[in-house]
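Enquirer: Before we start, here is the structure in question, set down as C-alpha cells.
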Amino acid sequence: MKIWQKNIDVDTFVENFTVGNDRAMDLHLAGADVLGSLAHTQMLHSIGLMTAEDLAAVQAELKNIYQDIQAGNFEIEAVVEDVHSQIEMLLTQRVGDAGKKIHSGRSRNDQVLVDLKLYFRTEIESMVSHTEGLFRQLIELSNTHRDVLMPGYTHLQIAMPSSFGLWFGAYAESLVDDLHMMKAAWQVCNKNPLGSAAGYGSSFPLDRTMTTRLLGFEDLNYNVVYAQMGRGKTERILAQAMSSIAATLAKFAMDVCLFINQNFGFISFPAHLTTGSSIMPHKKNPDVFELIRSRCNKIQALPNEIALMTTNLPVGYHRDLQLLKENLFPAFQSLKDCLEIATFMLQHIDIKKDILEDPKYDYLFSVEVVNNEVLQGIPFREAYKNIGLAIEEGTFSPEKSVNHTHEGSIGNLCNDQVVRLFEEAKSSFGFDQVEKSLADLLAD
C-alpha cells in the first residue's frame, strides 16, 4: 500500500500514469530526503513528539541509509511510488514504530520542497565549480594571447582590430555576470520551506527556525502558502540562471565554429579532437562545439518550458509540478558536461598569428588612422571624411599599429580585475557554511 492509501486499490493504469518517471527522477533527491528527515526528527524530539530513544534509533538508521545512497546501493522499488515512501518504508522495517513517527508535522508537499531546495543547492555549487574551471581557462588564454591581434566584427563585417586577449577575456567576464544570476537563484533556493506541510501549516508547535539552522539555510520561507507557491517558481528562476551560462557558452561555441572555418582560419584543434566526413577526406569538423551550441540552446528554452507548465496554476499544490523534474534534472548534467568539455577543448586550441597581415583586413585600421589625424589637431568629422574619401578612391594606406590603453582595451585587458569580480561573486554564495551545517547534521 502507498503511505497515503486507505482501503481502496488504485487502478494500475492510473497508478502507472500518475507515477510516470518519478522513481528515476527521485533517485536524485534521495540524499536530500534523508537530510531533511534528519533535521525534521531532531525538531520533533525538541517539541516532544519523539522520544530520545526513538530519535536515536531513527537518526542512526537514517545515516545508514544515507551512506547506502552515497555508495550507490539505494533503489526505489517498483511497488513504491517515490523516494519519500521508500525511505520511510526502509526506516520502519529496520526500527519499527519509531519510523512511523517521522512524518508528523509534515506533508509530502513540504518534504519534496525541502528535498528540491537541498538538491538544487548541491547542483548550484557543482555548476559554479564547473563554471570556474572554464573561467580560469579563458583568463589563462586571454593572458597568453593578449598581444595576438584578430579582426573585430560588427554586422559580421570587418570593423576594428581586436585581439585574442579581448575575445577570450570577454567570455570570461560574461561568466561573472552569469554567476550573479546564479547567486540570485541560490538565494531563492537557500530558504527553508520545511514545516509548511501541505501548504497551510500544522497544528503542531513546529520549530521551523531550528530546521532552518540544522539544514544550513540562510532563512525561512515564512508564509506557508508562499512556501508551496515556490514550487515551480524556484525551478524557473534556477533555469533562468542556467540559461544565462548556457547563452554565454552557445555564443562562444558559435564563434569557434565560425573562426575554425577555412574562410576565417583563425583557430584550429588537433585532428583527434575533431571529426571527419564519410566521403570528404579533408574534413575536420568542430562537432564538439556544434553540440555545445545546440545543448546550450536547448537549456535556454528551459525557463520557457517551465513557465508554460506552471502558468495560471492556482494557489496550492498541483500534480503538474511533478513533471518539472523531468525537464530540469537532466539539464544540470548537460550544462556541466558542456562546461567541462569546453574547458578541455580550450586546453588544446591553436591560435593563428599574423592574421591581420592579410590585405583584406586593411580597412580594420581606418579608425586608427582617423584617430591619428585627430591627435594631430584635425577635427574628427573632417578626419573621418578624409579617410572615407581615401577608401573610396583606393588610396587608403593603413598604419597597422594599435595603441589602446584605456581600461578593458587591447593594451589594458584588466584581467586581474575580472578575476577579482569572479572571486567576489563566488565567495558570496557561502558554500562553506552550508557544507559545515550538513556535516554537523550527519555527524555521529
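Enquirer: Could you look through segment 182-204, keep only residues that are part of a helix (DSSP H, G or I) and not aliphatic (A, V, I, L, M), and pick out the one that is surrounded by the fewest Cβ atoms within 10 Å (Cβ to Cβ)?
Expert: Ranking the qualifying residues of segment 182-204, first place goes to Q187.
Enquirer: Is it true that Q333 is assigned to a helix (DSSP H, G or I), farther than 18 Å from H348 by Cβ and open to solvent by 70 Å² or more (accessible area, probe 1.4 Å)?
Expert: On the way: assigned to a helix (DSSP H, G or I): yes; farther than 18 Å from H348 by Cβ: yes; open to solvent by 70 Å² or more (accessible area, probe 1.4 Å): yes.
Criteria met by Q333.
Enquirer: How many of the residues making up segment 56-86 are assigned to a helix (DSSP H, G or I), hydrophobic (A, V, I, L, M, F, W, C) and at pLDDT 95 or above?
Expert: Pass one, segment 56-86, residues assigned to a helix (DSSP H, G or I): 56-70, 83-86.
Restricting the remaining residues to those that are hydrophobic (A, V, I, L, M, F, W, C) gives 56-58, 60, 62, 65, 69, 83.
Subset that is at pLDDT 95 or above: 56-58, 60, 62, 65, 69.
Selection size over segment 56-86: 7.
Enquirer: Give E357, E326, E290, E305 a once-over and let me know the one that is out of contact with any strand residue (DSSP E or B) (no Cβ under 9 Å at 6 or more places or on another chain), open to solvent by 60 Å² or more (accessible area, probe 1.4 Å) and more than 30 Å from L238 (Cα to Cα).
Expert: Details: E326 fails: more than 30 Å from L238 (Cα to Cα); E290 fails: more than 30 Å from L238 (Cα to Cα); E305 fails: more than 30 Å from L238 (Cα to Cα).
Among E357, E326, E290, E305, only E357 is out of contact with any strand residue (DSSP E or B) (no Cβ under 9 Å at 6 or more places or on another chain), open to solvent by 60 Å² or more (accessible area, probe 1.4 Å) and more than 30 Å from L238 (Cα to Cα).
Listed here are the residues, each with its yes/no results for (1) within 30 Å of S162 (Cβ to Cβ); (2) not in a helix (DSSP H, G or I).
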| position | (1), (2) |
| --- | --- |
| L291 | yes, no |
| S294 | yes, no |
| E305 | no, no |
| M309 | no, no |
| P314 | no, yes |
| L323 | no, no |
| F329 | no, no |
| D337 | yes, no |
| I341 | yes, no |
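Enquirer: Take the residues in segment 255-266 that are under 24 Å from K336 (Cβ atoms) and touching a helix residue (DSSP H, G or I) at 6+ places or on another chain (Cβ under 6 Å), then tell me which one is surrounded by the fewest Cβ atoms within 10 Å (Cβ to Cβ).
Expert: C257
Enquirer: A further question on this structure: Within segment 413-444, restricting attention to residues that are open to solvent by less than 40 Å² (accessible area, probe 1.4 Å) and farther than 25 Å from V148 by Cα, which residue is farthest from the chain's Cα centre (by Cα)? Don't jump to the end; show me each part of the working.
Expert: Going through segment 413-444, the residues open to solvent by less than 40 Å² (accessible area, probe 1.4 Å) turn out to be 413-415, 418-419, 422, 425, 429-431, 434, 437-438, 441.
Cutting the leftovers down to farther than 25 Å from V148 by Cα gives us 425, 429-431, 434, 437-438, 441.
Numbers: A425: 14, F429: 14, G430: 16, F431: 15, V434: 18, S437: 23, L438: 22, L441: 26 Å.
Taking the candidates together, the pick is L441.
Enquirer: So for segment 228-250 (the condition being touching a strand residue (DSSP E or B) at 6+ places or on another chain (Cβ under 9 Å), surrounded by fewer than 19 Cβ atoms within 10 Å (Cβ to Cβ) and part of a helix (DSSP H, G or I)), does at least one residue qualify?
Expert: Checked against the condition, which is being touching a strand residue (DSSP E or B) at 6+ places or on another chain (Cβ under 9 Å), surrounded by fewer than 19 Cβ atoms within 10 Å (Cβ to Cβ) and part of a helix (DSSP H, G or I), segment 228-250 yields no hits at all.
Enquirer: Are any residues in segment 120-147 part of a loop (DSSP other than H, G, I, E, B) and open to solvent by 60 Å² or more (accessible area, probe 1.4 Å), and if so, which ones?
Expert: Our first condition is that a residue be part of a loop (DSSP other than H, G, I, E, B); within segment 120-147, this holds for 145-147.
Passing the criteria: R146, D147.
Enquirer: May I pose another question? Among the numbered criteria (1) charged (D, E, K, R); (2) buried (at least 23 other Cβ atoms within 10 Å of the Cβ); (3) in contact with a Gly (Cβ under 9 Å, 6 or more places away or on another chain), which one does D207 miss?
Expert: (2)
Enquirer: Being on the phi > 0 side of the Ramachandran plot and modelled with pLDDT of 95 or more narrows it down to one residue among G20, G31, G48; which is it?
Expert: Details: G20 fails: modelled with pLDDT of 95 or more; G31 fails: on the phi > 0 side of the Ramachandran plot.
Among G20, G31, G48, only G48 is on the phi > 0 side of the Ramachandran plot and modelled with pLDDT of 95 or more.
Enquirer: Exactly one of these conditions fails for N285: (1) crowded, with 17+ Cβ neighbours inside 10 Å; (2) modelled with pLDDT under 95; (3) of a type outside the set (A, V, I, L, M); (4) more than 23 Å from the chain's Cα centre (by Cα). Give me its number.
Expert: Tallying (1) crowded, with 17+ Cβ neighbours inside 10 Å; (2) modelled with pLDDT under 95; (3) of a type outside the set (A, V, I, L, M); (4) more than 23 Å from the chain's Cα centre (by Cα), N285 fails exactly one: (1).
Enquirer: Here's something else I'd like to know. Does segment 397-412 contain at least one residue that is part of a helix (DSSP H, G or I), open to solvent by 90 Å² or more (accessible area, probe 1.4 Å) and not polar (S, T, N, Q)? Outline the logic, then answer.
Expert: At the first step, the residues of segment 397-412 found to be part of a helix (DSSP H, G or I) are none.
There is no residue in segment 397-412 that is part of a helix (DSSP H, G or I), open to solvent by 90 Å² or more (accessible area, probe 1.4 Å) and not polar (S, T, N, Q).
Enquirer: Any idea how many residues of segment 96-110 are open to solvent by 10 Å² or more (accessible area, probe 1.4 Å) and assigned to a helix (DSSP H, G or I)?
Expert: Selection size over segment 96-110: 6.
The values are calculated or read from the model by the stated rules, or taken from the named source; none is laboratory data. What you see is a predicted model, and the numbers here were worked out from it, not measured in a lab. In this analysis, Cβ positions are derived from the backbone assuming ideal geometry, glycine residues included, and neighbour counts consider all displayed protein chains. Calculation scope for accessible area: heavy atoms of the full protein, side chains included, ligands and nucleic acids excluded. Shrake-Rupley method; radii C 1.70, N 1.55, O 1.52, S 1.80 Å.
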